[in-house]
């Protein structure tokens with residue numbers, strides 16, 4: 001290569017880089033956070049982290065604490081992209097996605113249908129099972145039925161709201177105790193009227209993030225608590241993340257394969273995180289039992305959350321990850 005050609009190439013590369021940075025500086029990103037679900041505090045933490053990282057990456061950012069006037073607020077702001085950092089109902093169940101589609105504002109994460117499907121644990125299981133992703137047996141019941149019955153299936157089993165996140169309202173019933181369910185689902189119950197009762201799967205907690213169409217490294221979550229509940233997820237010292245997970249290679253590969261298969265089957269976009277239980281004692285002579293618990297279309301997005309940790313391990317620092325999500329944003333998702 002001649003000296004002249006080398007200089008021209010370097011100049012062209014520099015100009016292209018400067019052009020990309022210029023586009024970033026002019027792109028206005030509205031980071032949607034907070035909201036009205038019981039995961040408001042988690043969403044505020046995710047949103048703040050994403051907003052700060054996007055500013056460092058060169059975007060013009062407005063933080064939006066979402067309330068019921070969000071349509072009017074977004075019309076006023078007229079952002080180029082909405083970065084969806086909401087969690088829970090109205091944020092990851094297709095509601096805010098429908099608003100953004102109507103306003104024709106490109107947005108991150110999954111679209112209306114995929115979000116609604118993944119948020120409804122029963123419907124998600126139907127789709128996942130049809131796609132060949134292993135799920136555990138379950139039944140649906142109303143709050144009144146669960147509060148009044150002795151036991152709907154042999155213990156141990158898990159009771160959880162059909163449509164909620166962050167392990168809110170999850171109850172593990174390990175043995176027959178008369179009157180236990182009525183007490184657990186009493187007047188302070190916040191899990192809604194529709195419940196899922198599913199077989200409890202003992203073992204290890206595994207999770208894997210999909211970024212676009214790529215499965216990121218697998219994490220094992222270790223906690224001294226009963227399960228990976230809200231406290232384990234968000235309290236300091238609540239859990240330990242082992243990355244990459246120290247599990248048999250064929251199980252590791254299957255977690256990645258099933259995560260991508262579930263992501264595609266539900267029609268997800270952007271990033272998702274799929275959670276599994278792995279019971280290696282179920283079949284010691286083989287790879288054990290691997291069961292998909294759920295697909296999260298709005299995983300936690302602080303730098304130490306599971307999805308960003310996995311992305312960083314795969315070579316995508318937090319600023320690069322959130323920038324990729326902004327550039328991946330679109331309508332008709």
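What ranking of 325, 153 emerges when the number of other C-beta atoms within 10 Å of each C-beta is taken as an exposure proxy, fewest first?
The order, fewest Cβ neighbours first, is 153, 325.
How far, in nm, would the chain grow between residue 60 and residue 287 when pulled straight, counting 0.36 nm per residue and subtracting the alpha carbon separation?
76.9 nm
Could you please rank 294, 257, placing first whichever residue has the fewest other Cβ atoms within 10 Å of its Cβ?
Going from sparsest to densest Cβ surroundings: 257, 294.
Suppose R0 equals 22 Å; then what is the FRET efficiency for residue 280 and residue 129 from their Cβ-Cβ distance, rounded to the nearest 0.05?
With R0 = 22 Å, the Cβ-Cβ based efficiency is 0.50.
Can you sort 331, 292 from fewest to most other Cβ atoms within 10 Å of each residue's own Cβ?
331, 292
Since every read-out is calculated from the coordinates, none of them should be taken as a lab result. Here the structure is a predicted model, which means the values were calculated and not measured. Methodologically, a virtual Cβ is constructed for each residue, glycine included, from the backbone with ideal geometry; neighbour enumeration extends over all protein chains shown.
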